[in-house]
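To keep things clear, I will list the structure first and then write my remarks on it.
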Amino acid sequence: MTWDGPLIRRHNTALRLGLLAVDAISAVALFIVISLMLFGDGWIAAWRAAGFEPSAVIVAYAAIWVGALWLHDLYRLRSRWSIRSEFRDVLRADLLIAVASFAALFLFKLPDVSRRFLITLFVVQGIVTLASRVSIRLTLGALRDRGYNSRFMLVVGTGPNARRFADRVERRRELGLRVIGHLAIAPDASAEPGPPAMVGSRAVLGTLDEIEAILHSRVVDEVAICLPAEHAALVEPITRLCEEEGRIVRIPLDDLGLTMPGGRVEEFDGGPVLSLVYGPDRALALVGKRLLDLALGAAALIILSPVMASVALAIRAIDGGPVFFRQTRVGLHGRPFDVLKFRTMVPDAEGQLDDLRERNEIRGPAFKLTDDPRLTRTGRFTRAASLDELPQIWNVLRGEMSLVGPRPPLPREVQAYDLWHRRRLSMKPGITGLWQVQGRREEDFDRWVELDLAYIDRWSIWLDFKIIVRTIPAMFQGR
């Protein structure tokens, strides 16, 4: 068990990286723009005449500016962020660099460096940095208020500790966490006459006996266990259930002084919280995975657009409309979304499914039929070549899917899952994955899930690259 802080690193990693990138880019851009304004087209020669290589100075300035902001904790997630505090700390960082710069000019006797340039740069840099940071935070806050990039927390407990912890989480809007409600202790395990209908402004969704049903019927990313000490024995079975399903567990330790293997104690609003993360917990790498999805997804959309246009025209000419097929699938922790594919079947394919179930080639809740009579003329080819999957790149760019991940299941499949199957929902579904390159011919659904769980447990960006590389020949070989 290790100490770490502040709480929920994965929730602010993207914000920190975004701020750091914007600060560095603005420093580089302002240095160049102000040099052009003051020295004209010969600004590079002017810096060299003063004894400096422009590229080295620009990189050094950007690094020093980011470092100064870092020293003033401007990349930490603050419990009480305000524009006033941001202005104060940006001003301090600006003054620190200004004083250090002019002191260095005096000590090293560098009269050729333009004082006018430095004063202009430091003033404009402070204004631009403050404006960009406030804009980023307000924009992210507004998006999260509308439900974008939000994560959902279920609080187990209805007592004062549970209420205080949920209130603290909801006050921290920048975390992107939303408390969906509370679970009361089951009546037979509590002295309370019955669960209250509300805890503050939040609903009581049921009792602890119903936790599995609620996890399966609601989108829940994290479970906070806020029980009094006399009910500490209930913590272990709750965490075991969450481990089976890949949910993050948070346990405030203000009153529950317990330890659990694999836990990390983090600080949140001045209090310790035990975090149990079941699944990939490399926040920086997960941000890298998302950036990879955006970069490769956008590139693939551009490069493959002639192929996609040809497929669309062929479907329209040979089979008629519609060209695209939309179907509800289940994503990360039960989030429903509409997957987009090229249509490969007749329009009433779903209505014919019941008549074909006895011919299912898969043992388990999934359905697969190699010689499916519902396939259209173009559908047989596009499925064999996996071209029908290409529109899912749009789902990747929207953040509903990843390039690599578990296969996105249908809601009816998820309803038939065994408990251990549900952990495959702890990562975004992907266009390709281990099951596509290793087990697509496999007839046992449990084997598909084992491959998905192996991917989740072994996940890294390098593994994603290897799967993408293996997917290309698998497509051409019809596998």
- prompt: PRO347 fails exactly one of the following numbered conditions: (1) closer than 24 Å to GLY399 by Cα; (2) surrounded by 14 or more Cβ atoms within 10 Å (Cβ to Cβ). What is the number of that condition?
  reply: (1)
- request: Confirm whether ALA131 is modelled with pLDDT of 90 or more, among the aliphatic types (A, V, I, L, M), exposed (fewer than 15 other Cβ atoms within 10 Å of the Cβ) and not in a strand (DSSP E or B).
  value: yes
- prompt: All but one of (1) open to solvent by 60 Å² or more (accessible area, probe 1.4 Å); (2) under 16 Å from ASP23 (Cβ atoms); (3) modelled with pLDDT under 85 hold for PHE87; which doesn't?
  reply: (3)
Listing of helices (runs of 4 or more DSSP H) fully contained in region 11-107 that carry 3 or more residues being free of Cβ contacts under 8 Å to residues at least 60 places away in the same chain, under 30 Å from GLU266 (Cβ atoms) and under 29 Å from the mean Cα position of the chain (by Cα): 54-71, 83-107
message: Considering only residues that are of a type in the set (A, V, I, L, M, F, W, C) and not in a helix (DSSP H, G or I), which ones fall in region 208-251?
response: VAL219, VAL220, VAL223, ALA224, ILE225, CYS226, LEU227, ILE248, VAL249, ILE251
statement: Expected single match for modelled with pLDDT of 90 or more and either surrounded by fewer than 18 Cβ atoms within 10 Å (Cβ to Cβ) or not acidic (Asp, Glu) (or both) among ALA14, ALA24 is ALA24
- prompt: Of all helices (runs of 4 or more DSSP H) completely enclosed by region 367-479, which ones contain at least 3 residues that are open to solvent by less than 20 Å² (accessible area, probe 1.4 Å), under 26 Å from PHE324 (Cβ atoms) and out of contact with any Gly (no Cβ under 7 Å at 6 or more places or on another chain)?
  reply: 377-384
- line: LEU294 passes all but one of the listed conditions (1) open to solvent by 40 Å² or more (accessible area, probe 1.4 Å); (2) without any contact (Cβ under 8 Å) to a residue 60 or more places away in the chain; the exception is number (2)
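The values are calculated or read from the model by the stated rules, or taken from the named source; none is laboratory data. Remember, predicted model here, so these are calculated numbers, not experimental data. Quick reminder, even Gly has a Cβ in these numbers, built from the backbone with ideal geometry, and neighbours come from all protein chains shown. Remember, those area values only see protein heavy atoms, side chains included, never the ligands or the DNA or RNA. Shrake-Rupley method; radii C 1.70, N 1.55, O 1.52, S 1.80 Å.
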